[in-house]
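Worksheet for the structure shown next.
The values are calculated or read from the model by the stated rules, or taken from the named source; none is laboratory data. Predicted, not measured: the structure shown is a model, and the values here were computed from it. Virtual Cβ from ideal backbone geometry, glycine too; neighbours counted across all protein chains shown.
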Amino acid sequence: MKAKHLRASVLCAAVMLWALFASAQTSKPPQPEDVVIKNATILTVTHGTIENGSILIHNGKIAEVGKSVSAPANAKVIDATGKYVMPGIIDSHAHLALGDDVNEATSPVTPHMMMLDAFDYTDKAIYHSLAGGVTSEMLLHGSANMIGGQAVIVKNRFGLDREAMLFEGAPRSIKFASGENPKRVYGNRNQMPSTRMGNFAVQRAALQEAREYIRDWDAYNEKAAKGDKDAKAPKRDLKLEALADVLRGKVMVQIHCYRADEFLTEMAIAREFGYKVRAFHHGLEVYKVADKVAAEGVGLATFTDWWGYKMEVWDAIPWNAVISMRKGVKVAIKSDSNDFMRRLNQEAAKTMRYGGATEEEALKMITLNPAWILGVDNRVGSIDVGKDADLAIWNHHPLSSYAIVDKVLIDGTVYFDRSLPGLGLPFWKDAPMSGGGFGGADDEEGVRE
């Protein structure tokens, strides 16, 4: 009976906590205040390490960085003596807060799907990632389709509503995929694509439709501009409109694929239709053709040592990230997993063992390089004046397996503070509760790719 009552008490407490979370949500981020972080070891990522340094934050932006800063008298002070400050971690490939709505596997071409429509901004996995120092991530469609849906990029302002969590001004991205996944999904239904030939035939056919769609609209607009009253507008097609934006260069293409031959094919198709591939995701054989990938200006979002789960990862090696980086590829270490996302600092550290990456290079793989893949490197990814004050404060060097996050700031506002009671969320600091967070593991449902 005691165990039964204990379970009931725990369940009741969990419900009360979640009710408090729901009632605490707001539609707007709090007004940023001046903040100075002092006495820290600052890992800037772009201009070395500053020992016993300070960061001044004004209006949510980094205003000064150095041994000393000119902080106003009313600035909130965060004493980071003995601690390390780095840019917030950015995950360039995630599926958290999407539940089972990752794949629209009813058609191999679904560019008009919007991952924003599936984004559950109350998912506790967002809090878990925040507690691991992650401040932003790109939430992608799954890999069932040759051409999937459009990604959503968020900042982990946990506790705010959906619109307030979006990364304002971030470019659009779309997910393509080739290889075993679309082969398996549609081959099992005895429809195309069931082979790699079918994969690329479906992709080319869809892009050709988009090319003709643009041609038809351009012809109509030209006639209409000349005053032709008989000009008839083509029918709007949301699927082709999205693909047309890919061909117009308005949407960045992120491609799930693994094999060297597929990278070459995908880049050849991009040249044929006039768009750019932003990054290959997973890309466990990029090391074989890294010079060619670098020459096209294509990035890589990869795992460190995760493989063996299907045939197309047979030639994966743990040196892939560093070999590719040494050949000029912008390399990011990403999660594709709610569980890995909480430890991306340790995943990046593995590149120092497998290939000899420097500390700064390893940190770039989870900050500045993924920011570039998302198209937001002008805003985040390094501790530079003028960038968003998205920062993580660690009790040890973040590349150490002993490191845990003490505080996380997004736009200069603290969104996670391990020293606070309850869930470590600042807007609950006055709540009558104690303890340390939700407890237990997150609800990882496996690789979404």
Open item on the list: Given the criterion over 20 Å from Arg271 (Cα atoms) and part of a helix (DSSP H, G or I), identify the matching residue among Pro182, Pro193.
Closed with: Pro182
Open item on the list: So the check is Cβ under 6 Å with 6+ separation or different chains; which pairs have a first residue in segment 240-252 that's closer than 17 Å to Glu272 by Cβ and a second one that's among the small types (Gly, Ala, Ser) and at pLDDT 95 or above?
Closed with: Leu243/Ala210; Ala244/Ala210; Leu247/Ala210
Task: Complete set of residues in segment 39-58 that are on the phi < 0 side of the Ramachandran plot and either of a type in the set (A, V, I, L, M) or surrounded by 18 or more Cβ atoms within 10 Å (Cβ to Cβ) (or both) - done: Ala40, Thr41, Ile42, Leu43, Thr44, Ile50, Gly53, Ser54, Ile55, Leu56, Ile57, His58
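Condition check ((1) in contact with a helix residue (DSSP H, G or I) (Cβ under 8 Å, 6 or more places away or on another chain); (2) charged (D, E, K, R); (3) at positive phi) across all residues:
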site: Lys292; (1), (2), (3): yes, yes, no
site: Val298; (1), (2), (3): yes, no, no
site: Ala316; (1), (2), (3): no, no, no
site: Ser324; (1), (2), (3): yes, no, no
site: Leu344; (1), (2), (3): no, no, no
site: Arg353; (1), (2), (3): no, yes, no
site: Gly375; (1), (2), (3): no, no, yes
site: Ala392; (1), (2), (3): no, no, no
site: His396; (1), (2), (3): no, no, no
- [ ] Using the structure shown, decide if Asn378 is crowded, with 24+ Cβ neighbours inside 10 Å and either of a type in the set (Val, Ile, Thr) or more than 14 Å from Trp319 (Cα to Cα) (or both).
- [x] no
Task: Sole exception among (1) farther than 22 Å from Ala97 by Cα; (2) assigned to a loop (DSSP other than H, G, I, E, B) for Glu312, by number - done: (2)
- [ ] Tell me, yes or no, whether segment 376-389 has at least one residue that is closer than 18 Å to Phe303 by Cβ and hydrophobic (A, V, I, L, M, F, W, C).
- [x] no
Task: In segment 231-249, residue surrounded by the most Cβ atoms within 10 Å (Cβ to Cβ) [restricted to those that are under 11 Å from Ala206 (Cβ atoms) and touching an Asp or Glu at 6+ places or on another chain (Cβ under 8 Å)] - done: Leu243
Open item on the list: Suppose we keep only residues that are within 14 Å of Asp384 (Cβ to Cβ) and not β-branched (Val, Ile, Thr) within segment 34-57. Which one would you say is farthest from the chain's Cα centre (by Cα)?
Closed with: Gly53
Task: When residues of segment 77-114 are limited to those that are closer than 25 Å to Val298 by Cα and free of Cβ contacts under 8 Å to residues at least 40 places away in the same chain, the one surrounded by the most Cβ atoms within 10 Å (Cβ to Cβ) - done: Met113
Open item on the list: Yes or no: segment 320-331 includes at least one residue that is within 20 Å of the chain's Cα centre (by Cα) and in contact (Cβ under 8 Å) with a residue 60 or more places away in the chain.
Closed with: no
- [ ] Starting from segment 153-171, keep only residues that are in contact (Cβ under 8 Å) with a residue 60 or more places away in the chain, then list their pairs with residues that are assigned to a loop (DSSP other than H, G, I, E, B) and of a type in the set (Asp, Glu) whose Cβ atoms are within a distance under 9 Å, requiring at least 6 positions of separation or different chains.
- [x] Lys155/Glu168; Lys155/Asp390; Lys155/Asp411; Arg157/Asp411
Open item on the list: If I ask for residues that are out of contact with any Lys or Arg (no Cβ under 7 Å at 6 or more places or on another chain), farther than 14 Å from Met114 by Cβ and not charged (D, E, K, R), which ones from segment 132-144 would you list?
Closed with: Gly133, Val134, Ser143, Ala144
Open item on the list: When you scan segment 420-441, do you find a residue that is over 20 Å from Asp79 (Cα atoms), in contact with a helix residue (DSSP H, G or I) (Cβ under 9 Å, 6 or more places away or on another chain), surrounded by 21 or more Cβ atoms within 10 Å (Cβ to Cβ) and at pLDDT below 95, even just one?
Closed with: yes
TODO: From (1) free of Cβ contacts under 8 Å to residues at least 40 places away in the same chain; (2) assigned to a loop (DSSP other than H, G, I, E, B), pick out the condition that doesn't hold for Glu361.
DONE: (2)
Open item on the list: Among (1) of a type outside the set (Ser, Thr, Tyr); (2) buried (at least 24 other Cβ atoms within 10 Å of the Cβ); (3) at pLDDT below 95, there is one condition Lys310 misses while meeting the rest; what is its number?
Closed with: (2)
- [ ] Check off (1) among the charged types (D, E, K, R); (2) surrounded by fewer than 18 Cβ atoms within 10 Å (Cβ to Cβ); (3) assigned to a helix (DSSP H, G or I) for Glu347 and give me the number that stays unchecked.
- [x] (2)
- [ ] Please determine, by comparing only the residues of segment 59-76 that are hydrophobic (A, V, I, L, M, F, W, C) and closer than 17 Å to Thr44 by Cα, which one is surrounded by the most Cβ atoms within 10 Å (Cβ to Cβ).
- [x] Ile62
TODO: Scan segment 152-179 for residues that are charged (D, E, K, R), buried (at least 19 other Cβ atoms within 10 Å of the Cβ) and assigned to a strand (DSSP E or B) and jot them down.
DONE: Lys155, Lys175
TODO: Just give me the residues in segment 50-68 being touching a residue at least 24 places away in the same chain (Cβ under 8 Å) and in contact with an Asp or Glu (Cβ under 8 Å, 6 or more places away or on another chain), in sequence order.
DONE: Ile55, Ile57, His58, Gly60, Lys61, Ile62, Val65
- [ ] State whether one or more residues within segment 209-230 are of a type outside the set (A, V, I, L, M, F, W, C), closer than 29 Å to Lys334 by Cβ and surrounded by 14 or more Cβ atoms within 10 Å (Cβ to Cβ).
- [x] no
